[in-house]
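Novice: Sharing a structure with you now.
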Amino acid sequence: MTAELEITNASVTPPIALNYERRKIIALISSCASMFWIGTFIFGLPGVMAPYWQNTFGVGRGAVSQMPFWVLLALGILMYAVGRTQEKIGYARMASFGALVMGISTILLGRYQSIGWVYFWSFTMGVAATFVYIPALTVVQRWYPHRRGLVTGLVNMVFGLSACPMSPIFNRLLDNMGPVGTTTGIGILALVSGLIIAPFMKVPDIDLSKQSANTANRSTMGRSMTVSESIRTRNFWLMWCSWALAGGAGFAMVTLSTLFGLKMGLSMKNAVLILAAYGLTNGLSRIISGYLSDHIGRNMTLTISFMFGGLAYILMPHVQGVVIWALMAALVGYAFGTLFAVSAALASDCFGMAHFGAIFGLIFTAYGFIAGPLGPWLSGRILDITGDNFTLVFSYLGVFFIVAGCFVWFVRPPRHDEKI
């Protein structure tokens, strides 16, 4: 009888494990792919179309540089609610809704006739990002509990890196097809691909995951906190403040990069190189920093990147040459990408996975409600008031990064044997 059971187990277990591994990889690829278009629309398209909107609508640099504010506002309003409801509605449905909003709104973008409607589009991109980003992060961390820094880094890498290759392409499309043709084409592509990808964003079945050798070991995290427990900790508020400051400083570069290049006498073609450099490291840093954070620690990874990003901002208006400006923007992009890649894993280190969506959504309110006014909105207002004084704007944004680095250094996840 024992021999028969061993034969039966040997014949059944491998297919189950194989099915688990296949689903695991599909979930990771789908979650990463879901971030591609929303990343290009948030981090790439505004910088490319900013000069067009400036000329067409007769507005200043400050007006177009405020676009990220509306993205962040949507994130602040919705992120907590999405984190709370995704378990009930399902991750795939949330991502499908995000794809619908993203695609339809972008199809209409080229037909808008005022900067106010462009702000509305920015707000809808924040809505779409909310419905895709939190589910994607949750799905990959559920499948890879022992590689959370790496897999959240992968998701965030696609989110940030997609703007790098697509920004020059958007610029060429805009020249050849005009705003209506460009936004209609990319909007349709985003809509169709998003709806195809979303159904594969599913978390592992509990019983099935127990069959896998990869999840046989105990989780590296301790007991999960509730939302009310988390907000009474010092860790929560240190992370919240770091998101407010570093988030505002990092996101402001999306539109400031090309505007700064044009102010310094570059052609639009060369100014886009600054944005592309920012987009490149904004993406690559997410996988690099995610991997490093699993080995040298989340705090160390975040603090070092924030310090370099802050110094780059402060130096940028005092150096000359498109290559040097691109390098400075790249350091800012690296710091901004690291914020996204490592903070999610740091949050689950501190608070566990059971209520990760809701807790991380609350941390994200700092990004939505505070980072937007402090970064993109205030920088735009200062540029308008001071006649494009980028030295002042870049200096205070650099200080934001440095202070955020000090805050995050003191975040200390509880030890495994420590009561939460």
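The values are calculated or read from the model by the stated rules, or taken from the named source; none is laboratory data. Please read these numbers as outputs of a predicted model, since none were measured by experiment. Cβ: placed from backbone, ideal geometry, glycine included. Neighbour counts: every protein chain shown.
Novice: Step by step: first the residues of the range 103-128, then only those that are farther than 19 Å from residue 65 by Cβ and of a type in the set (Gly, Ala, Ser), then the one that is modelled with the lowest pLDDT. Which residue is that?
Specialist: Filtering the range 103-128 for residues that are farther than 19 Å from residue 65 by Cβ and of a type in the set (Gly, Ala, Ser), the one modelled with the lowest pLDDT comes out as 110.
Novice: Check every one of the helices (runs of 4 or more DSSP H) wholly within the range 163-269 and list those with 2 or more residues that are at pLDDT 90 or above, within 25 Å of the chain's Cα centre (by Cα) and surrounded by fewer than 20 Cβ atoms within 10 Å (Cβ to Cβ).
Specialist: Because the criterion is at least 2 residues that are at pLDDT 90 or above, within 25 Å of the chain's Cα centre (by Cα) and surrounded by fewer than 20 Cβ atoms within 10 Å (Cβ to Cβ), the helices (runs of 4 or more DSSP H) in the range 163-269 that meet it are 163-197, 234-263.
Novice: Please go through (1) under 22 Å from residue 286 (Cβ atoms); (2) outside any helix (DSSP H, G or I) for residue 112 and return the number of the only condition it doesn't satisfy.
Specialist: Here residue 112 meets the rest and fails (1).
Novice: Scan the range 304-342 residue by residue and report those that are over 15 Å from residue 273 (Cα atoms) and within 18 Å of the chain's Cα centre (by Cα).
Specialist: 305, 306, 309, 334, 335, 336, 337, 338, 339, 340, 341, 342
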